[in-house]
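Have a look at the structure below before the remarks.
The values are calculated or read from the model by the stated rules, or taken from the named source; none is laboratory data. All figures in this text were calculated on a predicted structure; none of them were measured in a lab. So basically every Cβ, Gly included, is an ideal-geometry build from the backbone, and we count neighbours across all protein chains shown.
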Amino acid sequence: MLKEDRIYIAGHRGMVGSALMRNLKVNGFNNLLVKTSSELDLRDTVAVKQFFEAEKPAYAFLAAAKVGGIVANNTYRADFIYENLMIQNNVIHQAYKAGVKKLMFLGSSCIYPKMAPQPLKEDYLLTGLLEETNEPYAIAKIAGIKMCDAYRAQYGCNFISVMPTNLYGPNDNYDLKNSHVLPAMLRKFIAAKKNGDEKVTIWGSGTPRREFLHADDLAEACVFLMQTYNQSGFLNIGVGQDISILELAELVQEIVGFEGKIETDLSKPDGTPRKLMDVSRLNALGWTAKTGLKAGIAKVYNEIKDNDWENA
């Protein structure tokens, strides 16, 4: 990518898209093309067609998606598969039609089989059954990878795919009904400290292990790969290290300064026992994550500690 190239970021107000914008601007890429969902509904085929014909971006990052936690994924199954398929079908196809030089499709680690060996290698895709609760979302994301590969094979499009691990950072979602584990935990501990509560309860046994990547590290990896990686399939993006949910809770407790107890609720599900990315392919290309988990969470805590969620 050249500094003057027109670069479209789909989903620029989300955690990933906003991180991409920050990274690109810092690195001198200022010809950025963005549209809010009210300005451009990516589910609308005609609108997306007109947008690409008029704007003709040279590069595109497809970070727009309908996302949510376990409850949202399981409750709105039709919405998750329909809306994500429509978004990516429209953007990928119109990028091809408009002659976009290169497109990056961002997926999710939930594409892997529920009982895949750990750490998760790219080769494990489609080797087993998916986690039932988010199967519609995962199928949509798998379709996006395969669509990019198909357009590469048939039309010679330089469309690439990446699969980030669990993310956290600025512009995360803190709604307790549909947020992911780390932002939900941060909100719970911050509220408990403010309210003088004696305990914070976490779901399940606390034994499942998860990996967490700061959104700014993801953005750096994406921009690096957009400039250097040109192959089919997809690449994992992660840190290559994980932590148990209970250890995560203890870390958040320390950072927030909550002095009460942590309790586990065994009536709630644990989910997949472990989700750790194998990032050896990415590391071999010359990129590794830089933000340590404690430092990253502390940074986020300082950004959100004064939020008034109750009156938002």
Run down 276, 285 and say which single residue is of a type in the set (A, V, I, L, M) and surrounded by 17 or more Cβ atoms within 10 Å (Cβ to Cβ). 276
(1) over 21 Å from residue 213 (Cβ atoms); (2) modelled with pLDDT of 95 or more all hold for residue 133 apart from (2)
Looking for whichever is touching a helix residue (DSSP H, G or I) at 6+ places or on another chain (Cβ under 7 Å), assigned by TED's automatic domain parsing to the domain that holds residue 193 and in contact (Cβ under 8 Å) with a residue 60 or more places away in the chain here; the options are 233, 296, 260. Which one fits? 260
Taking residue 287 as the residue in question, decide whether it is more than 15 Å from residue 194 (Cα to Cα) and of a type in the set (Phe, Trp, Tyr). yes
Among the residues of region 151-199, write down those that are in contact with an Asp or Glu (Cβ under 7 Å, 6 or more places away or on another chain), more than 22 Å from residue 112 (Cα to Cα) and not small (Gly, Ala, Ser). 170, 183, 199
Taking region 184-200 and the residues there that are part of a helix (DSSP H, G or I) and without any contact (Cβ under 8 Å) to a residue 60 or more places away in the chain, the one that is farthest from residue 215 (Cα to Cα) would be 195
Going through region 254-312 one residue at a time, which ones are assigned to a loop (DSSP other than H, G, I, E, B), within 23 Å of residue 234 (Cβ to Cβ) and either of a type in the set (Ser, Thr, Tyr) or touching a His at 6+ places or on another chain (Cβ under 7 Å) (or both)? 272, 288, 291
Among the listed residues 230, 173, which satisfies the condition of being surrounded by fewer than 19 Cβ atoms within 10 Å (Cβ to Cβ) and either part of a strand (DSSP E or B) or touching a strand residue (DSSP E or B) at 6+ places or on another chain (Cβ under 8 Å) (or both)? 230
In region 236-270, residues that are buried (at least 20 other Cβ atoms within 10 Å of the Cβ) and within 22 Å of the chain's Cα centre (by Cα) total 9
Is it the case that some residue within region 18-29 is touching a Phe, Trp or Tyr at 6+ places or on another chain (Cβ under 7 Å), surrounded by 13 or more Cβ atoms within 10 Å (Cβ to Cβ), among the small types (Gly, Ala, Ser) and modelled with pLDDT of 95 or more? no
